[in-house]
Amino acid sequence: MIHEAKAYLESRTSLRPRLAVVLGSGLGGFADELSERVEIPYSEIPHWPVSTAIGHAGRLVIGKLDKLEVAIMSGRVHLYEGYTPAQVTFGVRVLGLLGVRALVITNAAGGINLTLERGGLVLLTDHINLQGANPLTGPNDDALGPRFPDMSDAYSKAYRETAKRVAQDLYIPLAEGVYAGLAGPSFETPAEIRYLRTIGADVVGMSTVPEVIVANHMGMRVLAISCVTNMAAGILPQKLTQEEVIEAGAMVRDTLVRFLKALLPALET
Ligand code: HPA
């Protein structure tokens, strides 16, 4: 199935990007920055899962940022929508087959670390998989990657150094932290947030982990940035809502666009 999707994309564009970006909840604006772009709704790509989540536009945009060829997944599907880990990672697999060597992932996340603020950006250094699923479960396709992929540099140290330098040059505050990936869709309880803080998580979200695992399996280098859309449950005396998440995403969109525009050309592929 991934090969059919790959062949379809090859028929739609002659561009062969080595770099791809996944845009999370409410963070879709960056795709408009690409020139010579082809926009392909996910529904037109064979077997590509289509998101039901609010704030996920659902299209693959392939184009150029100056001379740099880039593929952008605007919108993703999540485990909580009922998709299998294979479906959740389908896009990353196809992009890997197309020749993508570097993956930049953005997501919306709740802030667990009390030094974080709503609307801030966090460079992920690592993750803790609490989703109860792994996209590599089942027979391994040795043509794609090894049975037991190493995850000790899952969030490329070299790319993180580059990201920190670019953020500093642009005066964009960039925290660093560990992402706890949960299945959702209910937000966490305050006790779960205290637990996540104890085990070393700084932010929490419901995506990213499967994509990062599959990208590492295929030997891609990964960089991931969380947008803190809310402080996690139990930190502030208020309820968590989807609206709060979407609104904060809109708040940081311009900063994120500025950051990505400078960052992507600086990443070696
Ligand atoms: N928890 C889990 N996922 C999230 C959150 C949160 O607080 N905010 C945005 N995505």
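Observations, loosely collected:
- Rough spin-label spacing in nm, given labels placed 7 Å along Cα→Cβ, for residue 114 and residue 186: 2.6
- Cα centroid separation, the range 49-126 to the range 196-250 (Å): 11
- For the pair residue 134 and residue 199, the difference between a 0.36 nm per residue extended length and the Cα-Cα distance amounts to 21.4 nm.
- DSSP-defined beta bridges in the chain - what % are antiparallel, rounded to 5: 35
- Estimated FRET transfer efficiency (residue 43, residue 266; beta-carbon r; R0 35 Å; 0.05): 0.55
- Taking the convex hull of Cα positions in the range 2-268, its mean projected area over all directions (nm²): 12.9
- 10 Å Cβ shell holding at most 16 others, DSSP loop, GluC sites (Glu not before Pro): longest site-free stretch of the chain: 118-267
- Sequence of 260, 97, 170 once ranked by neighbouring C-beta atoms within 10 Å, starting from the fewest: 170, 97, 260
- Using the Cβ-Cβ distance between residue 67 and residue 7 with R0 set to 25 Å, the FRET efficiency works out to roughly 0.45.
- Stretch in the chain that is longest and holds no trypsin sites (Lys or Arg not before Pro) that DSSP places in a loop and that have at most 12 other beta carbons within 10 Å: 148-238
- Over the chain, Cα pairs under 8 Å with separation of 6+ residues give a relative contact order of 26 percent.
- Förster-model FRET efficiency, 30 Å R0, residue 147 and residue 50, C-beta, rounded to 0.05: 0.45
- Between 226, 35, 156, the GNM of the chain built on Cα springs shorter than 10 angstrom shows 35 fluctuating the most.
- Here the sum of -39500 (n - 2.57) over DSSP H runs of 4 or more residues, divided by the residues of the chain, equals -8500 deg cm²/dmol at 222 nm, to the nearest 500.
We did not get these values from a lab; they are worked out from the coordinates using the rules stated. Everything numeric in this text was worked out from a predicted model, so none of it was measured. Using ideal geometry, Cβ is built from the backbone for each residue, glycine included, and neighbour counts are taken over all protein chains shown.
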